[in-house]
Amino acid sequence: MDEIINKVAQSSLKVFDLEDYYPDENHIVGIDISQWLFGGFILKETEFRTHLKQNDWSVYQDQYVYLHCTEDAVLPAWAYSLVTVYLAPYALKIIQGSKETAIIEWYQDILNKVDYTDYFDKPLILKGCSKKQVPNEVYTIAIQKLIKVAKSVMFGEACSAVPLYKRK
């Protein structure tokens with residue numbers, strides 16, 4: 001009986017898996033500002049400021065925080081900015097929007113810091129299947145980084161990769 005040889009493992013093909021950089025649940029948290037609105041949807045400035053002053057902002061130390069409002073409230077433009085003033089000394093980053101937007105920001109920051117030297121002039125697969133929900137926008141961010149260093153980039157898995165880029 002012949003030995004089964006993993007030719008992919010023996011090749012110079014590298015895999016770039018975005019799931020390796022996925023944030024854990026402790027790093028990205030949301031704040032719903034409707035909790036500080038009168039009746040959940042009316043901003044009364046004095047009460048709003050009082051709630052913000054009384055809040056313990058230190059629980060957001062070193063986190064990516066996304067600010068949102070789950071109620072259909074009409075908010076002045078300064079409302080999110082004022083929350084940001086209180087949050088800024090603690091949070092790593094503050095985003096007005098959704099959790100997905102915060103995850104995209106996380107990836108943007110992380111992918112700017114990755115050392116890509118292991119991928120220099122190598123054929124590369126940008127892994128497409130993952131157990132975690134990596135936003136599609138993150139693949140766009142990643143491919144921009146990878147085509148600067150890789151010899152070629154494919155998307156997917158070694159058994160069924162779609163060619164995306166080949167250096168000429």
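Summary table below
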quantity: First in segment 23-41 and assigned by TED's automatic domain parsing to the domain that holds L87 and without any contact (Cβ under 8 Å) to a residue 12 or more places away in the chain, second anywhere and assigned to a loop (DSSP other than H, G, I, E, B) and surrounded by fewer than 17 Cβ atoms within 10 Å (Cβ to Cβ), Cβ under 8 Å, 6 or more apart; calculated: F38/K44
quantity: Identity of the residue in segment 124-168, charged (D, E, K, R) and farther than 29 Å from E25 by Cα, that ends up surrounded by the fewest Cβ atoms within 10 Å (Cβ to Cβ); calculated: K168
quantity: Filtered residues of segment 115-149 (kept if closer than 14 Å to V15 by Cα, within 17 Å of the chain's Cα centre (by Cα), touching a residue at least 60 places away in the same chain (Cβ under 8 Å) and not in a strand (DSSP E or B)); calculated: S130, Y139, A142
quantity: Pairs where the first residue, in segment 44-56, is free of Cβ contacts under 8 Å to residues at least 40 places away in the same chain and the second is surrounded by 11 or more Cβ atoms within 10 Å (Cβ to Cβ) and among the hydroxyl-bearing types (S, T, Y), C-beta under 6 Å, 6+ apart; calculated: L52/Y86
quantity: Residues within segment 117-157 that are of a type in the set (F, W, Y) and under 15 Å from D20 (Cβ atoms), tallied; calculated: 2
quantity: Filter result (β-branched (V, I, T) and modelled with pLDDT under 95) within segment 133-161; calculated: V134
quantity: Residue list for segment 76-85, restricted to those being exposed (fewer than 15 other Cβ atoms within 10 Å of the Cβ) and either outside the structural domain of Q63 (by TED's automatic domain parsing) or assigned to a helix (DSSP H, G or I) (or both); calculated: W78, S81, V85
quantity: Count of residues meeting criterion [in contact with a helix residue (DSSP H, G or I) (Cβ under 6 Å, 6 or more places away or on another chain) and not β-branched (V, I, T)] in segment 19-29; calculated: 2
quantity: Only listed residue being surrounded by 16 or more Cβ atoms within 10 Å (Cβ to Cβ) and not in a loop (DSSP other than H, G, I, E, B), chosen from V29, V65; calculated: V65
quantity: For T70: the one exception among (1) among the hydroxyl-bearing types (S, T, Y); (2) over 21 Å from L18 (Cα atoms); (3) in contact with an Asp or Glu (Cβ under 9 Å, 6 or more places away or on another chain); (4) surrounded by 14 or more Cβ atoms within 10 Å (Cβ to Cβ); calculated: (4)
quantity: Odd one out for E19, checked against (1) assigned by TED's automatic domain parsing to the domain that holds S160; (2) loosely packed, with under 14 Cβ neighbours inside 10 Å; (3) in contact with a Lys or Arg (Cβ under 9 Å, 6 or more places away or on another chain); (4) free of Cβ contacts under 8 Å to residues at least 40 places away in the same chain; calculated: (4)
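The values are calculated or read from the model by the stated rules, or taken from the named source; none is laboratory data. Nothing here was measured: the structure is a model prediction, and the numbers come from that model. Every residue, glycine as well, gets a Cβ built from its backbone with ideal geometry; the counts of neighbours run over all protein chains shown.
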